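The values are calculated or read from the model by the stated rules, or taken from the named source; none is laboratory data. All of these numbers come straight from a predicted model, not from anything done at the bench. Ideal geometry is used to build each Cβ from the backbone, glycine not excepted, and the neighbour counts take in all protein chains shown. These area figures cover heavy atoms from the full protein model, side chains too; ligands, DNA and RNA do not enter into them. Shrake-Rupley method; radii C 1.70, N 1.55, O 1.52, S 1.80 Å.
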Amino acid sequence: CKAIIFPLHKKGNPNNPDNYSYIRNMFTKFRLGITDLKCNKLRYQTPNPAAKLCPLCRQADEDELHFFFDCSLYADLRKQYLSTFDLELFRTQKLSILNTADETQIPQLAKYVFYSFKLRSSALAIQS
(Lines give C-alpha, C1' and ligand atoms only; values in the text may rest on other atoms or scores of the structure.)
Protein backbone atom coordinates (compact mmCIF):
# COMPACT_ATOMS: atom_id res chain seq x y z
CA CYS A 1 0.00 0.00 0.00
CA LYS A 2 1.54 3.26 -1.10
CA ALA A 3 1.21 6.17 1.33
CA ILE A 4 -0.03 9.32 -0.31
CA ILE A 5 1.93 12.35 0.77
CA PHE A 6 -0.12 15.50 0.66
CA PRO A 7 1.68 17.71 -1.86
CA LEU A 8 0.60 21.00 -0.31
CA HIS A 9 3.20 22.27 2.10
CA LYS A 10 3.55 26.05 1.82
CA LYS A 11 2.90 28.26 4.86
CA GLY A 12 1.59 31.78 5.17
CA ASN A 13 -1.52 33.89 5.46
CA PRO A 14 -4.86 31.95 5.67
CA ASN A 15 -6.52 34.51 3.37
CA ASN A 16 -3.97 33.90 0.63
CA PRO A 17 -5.31 31.40 -1.94
CA ASP A 18 -1.83 29.94 -2.26
CA ASN A 19 -1.59 29.15 1.45
CA TYR A 20 -1.43 25.40 1.25
CA SER A 21 -0.79 24.63 4.92
CA TYR A 22 -4.22 26.01 5.85
CA ILE A 23 -5.83 24.06 3.02
CA ARG A 24 -4.08 20.86 4.12
CA ASN A 25 -5.06 21.42 7.76
CA MET A 26 -8.74 21.92 6.91
CA PHE A 27 -8.76 18.82 4.73
CA THR A 28 -7.19 16.80 7.56
CA LYS A 29 -9.80 18.11 10.05
CA PHE A 30 -12.57 17.18 7.62
CA ARG A 31 -11.23 13.64 7.25
CA LEU A 32 -10.91 13.30 11.03
CA GLY A 33 -14.43 14.61 11.66
CA ILE A 34 -13.38 17.59 13.76
CA THR A 35 -14.92 20.44 11.79
CA ASP A 36 -17.76 22.80 12.66
CA LEU A 37 -20.33 20.82 10.67
CA LYS A 38 -23.38 20.11 12.82
CA CYS A 39 -22.84 16.36 12.54
CA ASN A 40 -19.44 16.78 14.20
CA LYS A 41 -20.37 19.42 16.77
CA LEU A 42 -23.46 17.51 17.94
CA ARG A 43 -22.10 13.98 17.54
CA TYR A 44 -22.20 13.08 21.24
CA GLN A 45 -25.31 15.05 22.13
CA THR A 46 -28.94 14.13 21.64
CA PRO A 47 -30.38 17.47 20.60
CA ASN A 48 -33.62 18.24 18.93
CA PRO A 49 -33.39 16.74 15.39
CA ALA A 50 -33.91 20.23 13.96
CA ALA A 51 -30.59 21.27 15.56
CA LYS A 52 -28.72 19.19 12.97
CA LEU A 53 -30.42 20.92 10.04
CA CYS A 54 -28.06 22.66 7.63
CA PRO A 55 -28.06 26.32 8.71
CA LEU A 56 -27.41 27.44 5.14
CA CYS A 57 -29.98 25.70 2.96
CA ARG A 58 -32.24 24.18 5.64
CA GLN A 59 -32.96 21.24 3.31
CA ALA A 60 -31.25 18.36 5.16
CA ASP A 61 -29.07 17.47 8.12
CA GLU A 62 -25.66 19.07 7.85
CA ASP A 63 -23.41 16.04 7.55
CA GLU A 64 -20.40 15.23 5.41
CA LEU A 65 -22.50 13.84 2.54
CA HIS A 66 -24.72 16.91 2.46
CA PHE A 67 -21.63 19.14 2.58
CA PHE A 68 -19.89 17.31 -0.26
CA PHE A 69 -22.78 16.51 -2.59
CA ASP A 70 -25.99 18.38 -1.86
CA CYS A 71 -25.85 21.78 -0.18
CA SER A 72 -26.71 24.39 -2.79
CA LEU A 73 -24.35 26.95 -1.23
CA TYR A 74 -21.34 24.98 -2.48
CA ALA A 75 -22.57 24.24 -6.01
CA ASP A 76 -20.17 26.68 -7.69
CA LEU A 77 -17.22 25.35 -5.69
CA ARG A 78 -18.17 21.79 -6.68
CA LYS A 79 -18.07 22.83 -10.33
CA GLN A 80 -14.74 24.58 -9.85
CA TYR A 81 -12.85 21.95 -7.85
CA LEU A 82 -14.68 18.65 -8.37
CA SER A 83 -15.57 18.76 -12.05
CA THR A 84 -13.20 15.87 -12.84
CA PHE A 85 -14.85 13.57 -10.28
CA ASP A 86 -17.77 11.25 -10.93
CA LEU A 87 -19.84 12.66 -8.07
CA GLU A 88 -22.81 10.38 -8.70
CA LEU A 89 -20.58 7.34 -8.32
CA PHE A 90 -19.02 8.72 -5.14
CA ARG A 91 -22.47 9.60 -3.76
CA THR A 92 -23.42 5.91 -3.87
CA GLN A 93 -20.12 4.95 -2.27
CA LYS A 94 -20.53 7.55 0.50
CA LEU A 95 -17.26 9.32 1.22
CA SER A 96 -14.95 7.03 -0.73
CA ILE A 97 -14.11 10.20 -2.66
CA LEU A 98 -11.72 11.01 0.20
CA ASN A 99 -9.78 7.81 -0.37
CA THR A 100 -8.70 8.53 -3.91
CA ALA A 101 -5.26 7.29 -4.84
CA ASP A 102 -5.00 9.83 -7.65
CA GLU A 103 -2.45 12.35 -6.42
CA THR A 104 -3.77 14.99 -8.81
CA GLN A 105 -7.22 14.84 -7.23
CA ILE A 106 -6.13 15.25 -3.60
CA PRO A 107 -5.31 18.97 -3.92
CA GLN A 108 -8.67 19.54 -5.64
CA LEU A 109 -10.52 17.81 -2.79
CA ALA A 110 -8.55 19.78 -0.22
CA LYS A 111 -9.26 23.08 -1.94
CA TYR A 112 -12.95 22.25 -2.18
CA VAL A 113 -13.11 21.52 1.55
CA PHE A 114 -11.08 24.60 2.47
CA TYR A 115 -12.97 27.09 0.32
CA SER A 116 -16.34 25.58 1.20
CA PHE A 117 -15.65 26.06 4.90
CA LYS A 118 -14.48 29.58 4.20
CA LEU A 119 -17.73 30.28 2.33
CA ARG A 120 -19.71 28.59 5.13
CA SER A 121 -18.10 30.84 7.75
CA SER A 122 -18.88 33.96 5.71
CA ALA A 123 -22.49 32.91 5.11
CA LEU A 124 -23.04 32.13 8.80
CA ALA A 125 -21.51 35.48 9.80
CA ILE A 126 -23.93 37.28 7.48
CA GLN A 127 -26.88 35.37 8.99
CA SER A 128 -25.90 36.38 12.54
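Summary of values
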quantity	calculated
Estimated distance in nm for a label pair at GLN59 and SER72, the labels positioned 7 Å out from Cα along Cα-to-Cβ	0.6
LEU53 long-range amide H proximity, modeled H, under 5 Å	GLU62
Radius of gyration and Dmax over the Cα atoms of segment 40-128, both given in Å	13.8, 41
Full-extension gain in nm, ASP102 to GLU88, via 0.36 nm per residue minus C-alpha separation	3.3 nm
For segment 63-128 and segment 22-56, distance of Cα centres in Å	14
Protection proxy ranking of 31-40, 111-120 - average other beta-carbon atoms within 10 Å, highest first	111-120, 31-40
Accessible area of segment 19-128 belonging to carbon and sulfur atoms, whole % at 1.4 Å probe	52
q = 0.17, 0.18, 0.28, 0.32 Å⁻¹: log10 I(q)/I(0) that the Debye formula gives for segment 44-91, counting C-alpha atoms only	-0.55, -0.60, -1.05, -1.21
